[in-house]
Amino acid sequence: GARVGEIHVKVYDIFDLDDPRENNWVYRSANALHYKTRSKTVVDQLTFRRDERLRAQRLAESERLLRGRRYLYDAVVRIARYDPEANVADIEVSVRDVWTLNPGISYSNTGGQNRTSFEIEELNLFGRGVKLQLGYDDEVDRTSTSIDWFDPNLLGSRWQLALGYADLSDGETTYF
């Protein structure tokens, strides 16, 4: 069977500036402020590698995995070029980013009791597909400060790493 040749990755901005509805200062600013997903981050998630036997189900599975990432809007994995003499197929992987910085602030007063919370979450830290979340919560029974880290492809592998720590007014929580 055919073998996988070159793997070309195209990462598109959040907003398509070729679309007149999206070509304004707000969308241009968002694209400029957003750290694009790295090509290596995309390649690390593929279920096939260069020089392996080409299997259509691996292309489809890679596309499904990429579409499942919260920091990507869409993904397409396709054969870009086939060389029948060498029996090699070059693959093109196209993904579109989404805005991944999610802040949250909350304040409430119920029955004379105040509750304040703040959270900031980045789903694609430095374009590496890593999630970092920081939080603060102050309510009547407890005050907490927390940090969570999730790497779905630890060092480019299929291993995942999740770490978390919360400093609570009545104790602490950690997980690995």
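The values are calculated or read from the model by the stated rules, or taken from the named source; none is laboratory data. Model, not experiment: these values are computed from the prediction. Here Cβ is always computed from backbone atoms with ideal geometry, including for glycine, and neighbour counts include all displayed protein chains. All accessible areas refer to the heavy atoms of the entire protein, side chains included, with ligands and DNA or RNA removed. Shrake-Rupley method; radii C 1.70, N 1.55, O 1.52, S 1.80 Å.
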Handout entry: 15 Å reach of a label modelled at ARG142, 7 Å along Cα-to-Cβ, counting backbone N of the range 153-171
Key = 165-171
Problem - 15 Å beta-carbon shell around ASP16, net charge (K/R +1, D/E -1) - result: -1
Practice task
May I ask you to evaluate 6.51 cos²θ - 1.76 cosθ + 1.60, the Karplus curve with θ = phi - 60°, for each residue of the range 164-176 and list the ³J(HN,Hα) values in order in whole Hz, giving x for glycine and proline?
Solution key: x, 8, 9, 9, 10, 5, 10, x, 8, 10, 9, 8, 9
Practice task
Within the chain, what's the longest run with no GluC sites (Glu not before Pro) in a DSSP loop and at most 12 other beta-carbon atoms within 10 Å? Give the range, please.
Solution key: 86-176
Practice task
Report Rg (one decimal) and Dmax (nearest whole number) for the range 94-176, counting Cα atoms only, units Å.
Solution key: 15.9, 53
Practice task
Go ahead and estimate [θ] at 222 nm for the chain from helices alone: -39,500 (n - 2.57) per DSSP H run with n ≥ 4, summed, over the residue count, rounded to 500.
Solution key: -4500 deg cm²/dmol
Handout entry: Square roots of 5 times each gyration tensor eigenvalue, C-alpha, the range 102-146, largest first, Å
Key = 28, 10, 4
Practice task
In nm, give the distance between the simple-model label positions of LYS36 and ARG78, each being 7 Å from the Cα along the Cα-to-Cβ direction.
Solution key: 2.0 nm
Practice task
With a Förster radius of 41 Å, plug the Cβ-Cβ distance of LEU154 and TRP25 into 1/(1 + (r/R0)^6) and report the FRET value to the nearest 0.05.
Solution key: 0.60
Problem - Among VAL140, VAL88, VAL98, residue whose mean-square fluctuation peaks in a GNM of the chain (springs only between Cα atoms under 10 Å) - result: VAL140
Fill in the blank from the handout: A correct Karplus calculation of ³J(HN,Hα) over the range 81-98, with 6.51 cos²θ - 1.76 cosθ + 1.60, θ = phi - 60°, whole Hz and x for Gly and Pro, returns 7, 10, 9, x, 5, 8, 6, 10, 10, 7, 10, 10, 10, 10, 9, 10, 6, 10
Fill in the blank from the handout: Per the rule of 0.36 nm per residue minus the C-alpha distance, extending PHE118 to GLN57 adds in nm 17.7 nm
Exercise for the section: Report the full-extension gain for the segment ALA162 to LYS10: residue separation times 0.36 nm, less the Cα-Cα distance, to one decimal in nm. Expected result: 51.9 nm
Completion exercise
Contact order relative to length for the chain, counting C-alpha pairs under 8 Å separated by 6 or more residues, stands in percent at 18 percent
Exercise for the section: Would you please give the residues with an amide H less than 5 Å from that of HIS8, counting only those at least 5 places away or on a separate chain, with H modeled from the backbone geometry? Expected result: ILE91, GLU92, VAL93
Handout entry: Net charge, ARG69 excluded, C-beta distance under 15 Å - Lys, Arg +1, Asp, Glu -1
Key = +2
Practice task
Determine the gain in length on full extension of the stretch LEU17-ARG3; use 0.36 nm per residue of separation and subtract their C-alpha separation, reporting nm with one decimal.
Solution key: 1.4 nm
Problem - Local net charge near ASN114, Cβ-Cβ under 15 Å (Lys/Arg +1, Asp/Glu -1) - result: -2
Problem - Debye log10 I(q)/I(0) for the range 20-98, one point scatterer per Cα, at q = 0.15, 0.16, 0.19, 0.23 Å⁻¹ - result: -0.63, -0.68, -0.85, -1.07
Problem - Residue-level accessible surface for TYR107, protein heavy atoms, 1.4 Å, Å² - result: 140 Å²
Problem - Overall dimensions of the range 75-116 by Cα: Rg and Dmax, Å - result: 25.5, 78
Completion exercise
log10 I(q)/I(0) for the range 1-137, Debye formula on C-alpha points only (no solvent), q = 0.14 Å⁻¹, two decimals, reads -0.75
Problem - Inverse mean reciprocal Cα-Cα distance (Kirkwood Rh) of the range 1-65, Å - result: 14.1 Å
